[in-house]
1. Starting from residues that are at pLDDT below 95 and farther than 14 Å from ILE15 by Cβ, keep the ones in segment 135-148 and report whichever is surrounded by the most Cβ atoms within 10 Å (Cβ to Cβ).
2. Tell me whether segment 184-206 contains one or more residues that are among the small types (Gly, Ala, Ser), in a loop (DSSP other than H, G, I, E, B) and within 25 Å of PRO118 (Cα to Cα).
3. Taking into account only those residues within segment 294-322 that are charged (D, E, K, R) and under 23 Å from the mean Cα position of the chain (by Cα), which is farthest from LEU174 (Cα to Cα)?
4. Scanning for something buried (at least 18 other Cβ atoms within 10 Å of the Cβ) and under 26 Å from ASN120 (Cβ atoms), does segment 298-320 turn up at least one residue?
5. Inside segment 193-232, can you point out the residues that are of a type in the set (Lys, Arg) and modelled with pLDDT of 95 or more?
6. Here is a list of conditions, (1) in contact (Cβ under 8 Å) with a residue 24 or more places away in the chain; (2) surrounded by 14 or more Cβ atoms within 10 Å (Cβ to Cβ), and ASN130 meets all of them except one; can you say which number that is?
7. Quick one: would you say ILE265 is assigned to a strand (DSSP E or B), closer than 30 Å to THR25 by Cβ and among the hydrophobic types (A, V, I, L, M, F, W, C)?
8. Looking only at residues that are farther than 18 Å from ILE201 by Cα and either touching a residue at least 40 places away in the same chain (Cβ under 8 Å) or aliphatic (A, V, I, L, M) (or both) in segment 217-231, which one is surrounded by the fewest Cβ atoms within 10 Å (Cβ to Cβ)?
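The values are calculated or read from the model by the stated rules, or taken from the named source; none is laboratory data. Quantities reported herein were computed from a predicted structural model and do not represent experimental measurements. For neighbour counting, all protein chains shown are included, and Cβ atoms are generated from backbone atoms with ideal geometry for every residue, glycine included.
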Amino acid sequence: MPFVKDIENYKSLSIVGLEKNTGKTECLNYVLSRLKDSHRQIALTSIGIDGENRDQVKQTHKPEIEVYEGMIYVTPELYYRKRKLVSEILDVSTQQTCLGRLVTARAKSSGKAMISGPANNKALKELIDNLHKNGVDTTIVDGALSRKSIGSPAVTDAMILATGAALSANIPQLVFKTQYIYNLINIDTVEKTLGDRLIDIDNGIWAITPDNLIVDLGITSVLMIERVKEKLFGYGTRFFVNGAVTDKLFEFLKNQKQIKKTEVIVRDFTKIFATPEVYYSYIKRGGKISVLQKTKLIAVCINPVSPDGYNLNSDELKQAMEEKLQLPVYDVKKI
């Protein structure tokens, strides 16, 4: 049972796909099936929506989420009514989502379910904490890296990454793209005293002075950067950016004379939407980056089959990925 013992060390775990059809649900079902006999209380929820049996973009078949007897799961009222298993309601939250209130239930039989969870990071964190207080050993979160996703898998203590041929049909390119995300996941956290003061800021770009004062620059978006250059460096060279960081910011900063003293702080790695080339160029020029929240990557799962019909050699992909990442890599269909 590879990496399952590692999972037992964490209060929460997210399973995240780098692209649609990279095998995230297969990986999730594998993990759930192995934890079924672990004698630990497991709970399941999701960032976004998961469990559909058909990909809404490519219209291809998708594996459904298998909930086992005794497991707790959290999903909105609409999806709870569509479950294909017997379950006992433990709680109905006051929090509203677009699909109704969140229902916490215990499966009384094994079966399939569609899963969707809290609407934001704060609510997800609170849910994980409440589940833990009520006897849940590990909460598993079906994750997402999409800019459209409100929640972030970095809220969880640990993460498993699912990657595969749907991301690239070329093994070196696939390894390169996966290694980039691996590098982002491993960005260092900012010092805790500063991080605690930044965590509740939910808008704009802020400067951190040499004396660690936090100053609102009145810049609502990175799109405004070039027009407010003088304002940007008026309080120092450290910045907290709430929201997405793209090529535009890194391209601008790497060409400034202060680049070797510049540090960009983001909420977590999922906020970085820069291309690898621009990101690495910013780092090579001397720019720094740090995060408020960081998760531990414990394994990578690979899917060598693309929905477009081509297959990569699973053994070659696994070996190439392990050499670059120095991390356990698994094809769950071959374990």
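1. Here the answer is SER146.
2. Within segment 184-206, one or more residues are among the small types (Gly, Ala, Ser), in a loop (DSSP other than H, G, I, E, B) and within 25 Å of PRO118 (Cα to Cα).
3. Looking at residues that are charged (D, E, K, R) and under 23 Å from the mean Cα position of the chain (by Cα), I get LYS294.
4. Yes, because at least one residue in segment 298-320 is buried (at least 18 other Cβ atoms within 10 Å of the Cβ) and under 26 Å from ASN120 (Cβ atoms).
5. Matches in segment 193-232: ARG197 only.
6. (1)
7. no
8. In this case the residue turns out to be LEU223.
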